[in-house]
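*Asks:* Before we start, here is the structure in question, set down as structure tokens.
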Amino acid sequence: MSRLAHRTALITGSTSGIGRAIAERFAAEGATVLVTGRRADLGAEVVAGITTAGGRARYLPVDLTAGREAIEEFAARAGDVDVLVNNAAYLVGGRPTFDTPEDVVDAALATNIKAPYLLTAALAPKMQARGSGAIVNIGSINALTGMAGSALYSATKAALHALTAAWAAEFGPYGIRVNTIAPGPTDVEWSTSIRPHLERIVATVPSRRLSSPAEVAAAAVFLASDEASHIQGATLPVDGGLTTVTAHGASRPVS
Ligand SMILES: NC(=O)c1ccc[n+]([C@@H]2O[C@H](COP(=O)([O-])OP(=O)(O)OC[C@H]3O[C@@H](n4cnc5c(N)ncnc54)[C@H](OP(=O)(O)O)[C@@H]3O)[C@@H](O)[C@H]2O)c1
């Protein structure tokens, strides 16, 4: 399908994981994709995969914590962007609140809140001038439910969910749609490091499995495309029902 034909899409954090899957899927849907992140070798690999498959992509290196000037320069290099996916994040978890160093707090706030805020501020005016655009924020079910050891990460994701609502109100009248995807635990490269923890969570998911990056990417295509033309300020969980169904409800066998 070509649901994103004639669109340029910038996906932050598309050198790996969910962002990479979104970049590959957007390209398959006809978008010209701007692949971003700090790891140039992986950026080149993602672009090569997309172009070999017949798609269009280029890699733009960026450290999103480098401050306003660097982000504005990055946005200028990106040019006209029709779809922005704020996906990059500093993933911190499994840490007691009393044992979280200040530099970790600063990195989480800088990557997960300040960076999408400044990048959106840099790109939205051009969308506004054109009268169209779509912003998809990659939040988390951690913003919706409490999870021990995840206070800092969850708070940053809740901020992104709040930005979605505020930006829907601010940019909606100018033809820009802003929505959030809240993935549940998703099977990415780093998941192997917490496999036993994930297996305990999976037992409480109605689907009895993790989300896949491709499933999150499919939701992102939908929200970025005209098929979602009147969906504004929404949060779409991609979690197999984890946030809707209690562990108690998911565990009872019915036959
Ligand atoms: N995996 C899950 O279970 C899960 C569940 C819910 C929500 N999420 C959300 O999904 C998104 C993607 O996570 P993931 O699991 O796919 O993790 P991942 O593979 O570690 O991807 C994170 C991406 O962010 C980029 N990034 C991090 N810091 C950056 C910085 N300072 N500047 C530029 N890029 C930076 C990384 O690129 P470089 O290292 O190349 O810079 C990488 O491409 C995140 O927003 C996360 O909160 C994930």
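No value in this document is a laboratory result; all are computed from the given coordinates. Fair warning: this is a prediction, and the values are worked out from it, not measured in the lab. Here the Cβ positions follow ideal geometry from the backbone for every residue, glycine too, while neighbour counts run over all protein chains shown.
*Asks:* Per DSSP helix of 4 or more residues, -39500 (n - 2.57); summed, then divided by the residues of the chain. What does that give at 222 nm, rounded to the nearest 500?
*Replies:* When only DSSP H runs of four or more count, the value is -13000 deg cm²/dmol.
*Asks:* What percent do you get for the relative contact order of segment 121-203 when only Cα pairs under 8 Å and 6+ apart count?
*Replies:* That works out to 35 percent.
*Asks:* Mean projection of the alpha-carbon convex hull of the chain over all orientations, in nm²?
*Replies:* Seen from a random direction, the Cα hull of the chain projects 14.4 nm² on average.
*Asks:* What is the distance, in nm, between label points placed 7 Å from the Cα along the Cα-to-Cβ direction at residue 248 and at residue 45?
*Replies:* For residue 248 paired with residue 45, the spin-label model returns 4.5 nm.
*Asks:* Could you work out the relative contact order of the chain? I mean the mean sequence separation of Cα pairs under 8 Å and 6+ apart, divided by the number of residues, in percent.
*Replies:* With pairs under 8 Å counted, the relative contact order is 19 percent.
*Asks:* What is the angle, in °, between the Cα long axis of helix 115-130 and the longest principal axis of the Cα atoms in the chain? Nearest 10 is fine, range 0 to 90.
*Replies:* In the chain, helix 115-130 runs at an angle near 40 degrees to the longest axis.
*Asks:* Arrange the peptides 14-22, 40-48, 56-64 so that the one whose residues have, on average, the most other Cβ atoms within 10 Å appears first.
*Replies:* Going from most to least packed, we get 14-22, 56-64, 40-48.
*Asks:* Using alpha carbons only, how many degrees (0 to 90, rounded to 10) separate the axis of helix 213-224 from the longest principal axis of the chain?
*Replies:* 50
*Asks:* GNM, the chain, Cα, under 10 Å: largest mean-square fluctuation among 244, 32, 186?
*Replies:* Top of the fluctuation ranking is 244.
*Asks:* Compare the peptides 137-146, 174-183, 98-107, 159-168 by average per-residue count of other Cβ atoms within 10 angstrom and give them in order, highest first.
*Replies:* Descending packing order for the listed peptides: 174-183, 137-146, 159-168, 98-107.
*Asks:* Hey, rough spin-label estimate for residue 2 and residue 222, points 7 angstrom out along Cα→Cβ, what's it come to in nanometres?
*Replies:* So the two model labels end up 2.4 nm from each other.
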